[in-house]
Structures are given as C-alpha cells and as structure tokens.
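Right, one structure below, let's go through it.
The values are calculated or read from the model by the stated rules, or taken from the named source; none is laboratory data. Predicted, not measured: the structure shown is a model, and the values here were computed from it. In this analysis, Cβ positions are derived from the backbone assuming ideal geometry, glycine residues included, and neighbour counts consider all displayed protein chains. Surface accessibility is based on the protein's heavy atoms, side chains included, excluding ligands, DNA and RNA. Shrake-Rupley method; radii C 1.70, N 1.55, O 1.52, S 1.80 Å.
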Amino acid sequence: MDNSAESVFVQFYSDAIEIKHKSEKEGRPIYENVTWIRKVIPGDKNNIVERVAKEPDFRMYPKQYERFKRSETESIEGTPLEQWPQINRAEVKEAKYREVHTVEQMAALTDLHVQKLGMGFQTLRDKAKAYLAAAA
C-alpha cells in the first residue's frame, strides 16, 4: 500500500477495546476507548487497513490526526451499555441520548435523575447495580 498522505484516505477514530486484565479483576467486561486508524486507497476496496493507531501513524498523517483530536470527545471508561446483556438496543439508544454510556453510569444515577429520565430507567438502574454487585 502506498502510504503517502496524498494517495490514501486516512481516518482516525475512537473505538472501545476490552482490557482483559481489568475485566478479569472486576469479573465483568471493562472497555477503554483507543484511537484507531483506517487507511483506504481510493478505488481499491480490497486494500483497507484498520487497526489500533501507533505513534508513527500520528507523525505520518498529522493533518488527519489533528482533525480527529479537534472533534474527539472525552474518553469514557467502563462497561459500554452495548456490551451489557440486560439492556436492549432501544434502551441503549435512549440512555445514550441522555448521556448515559456505561453500566457504571447507569448504576450511579440518582433518584432525581431517574425521575427526569423517565419510565424504565429505575429498573435499568437497579439491574445495573445488581450486575456490578454480582461481578464484584
């Protein structure tokens, strides 16, 4: 693959990966956001590289990396709601709309916030607390 910045489409993005040693210690999946790189030669759908980004990638594609850093939000650590088997897709979307992204955040919701969030969130909060307690 020609790696020159002019001949390749490069995109940096964040995605969660499981941190095995933390997962084993906590007894539940623990994920952290890491920076990934996606490199594509335009017109060649069979030549795509997608992997965790490394320091040389940031130096080789500084404009794309700066663009990514400007748009990147704060990293969230914990068990993503998508990885929690006790919640369905609609509930995940509703929770994320309300800025609840992890099981830990769900379990930490106050009574006031649960009331503001609406029907079903008290049950989800209780399930999240039970899930974390069972994992500990």
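A few remarks follow.
- Residue in the range 46-55 that is open to solvent by 50 Å² or more (accessible area, probe 1.4 Å), in a helix (DSSP H, G or I) and aliphatic (A, V, I, L, M) present: no
- Test: ARG125 is touching a Leu at 6+ places or on another chain (Cβ under 8 Å) and basic (Lys, Arg): yes
- When the range 23-39 is filtered for residues that are open to solvent by 30 Å² or more (accessible area, probe 1.4 Å) and in a helix (DSSP H, G or I), the ones remaining, listed by number, are GLU24, LYS25, GLU26.
- Residues in the range 83-136 that are surrounded by 13 or more Cβ atoms within 10 Å (Cβ to Cβ) and charged (D, E, K, R): GLU91, GLU94, LYS96, ARG98, GLU104, ARG125, ASP126, LYS127, LYS129.
- For THR73: the one exception among (1) β-branched (Val, Ile, Thr); (2) open to solvent by less than 50 Å² (accessible area, probe 1.4 Å); (3) modelled with pLDDT under 90: (2)
- Among the candidates GLU91, GLU104, residue that is within 15 Å of the chain's Cα centre (by Cα) and touching a residue at least 24 places away in the same chain (Cβ under 8 Å): GLU104
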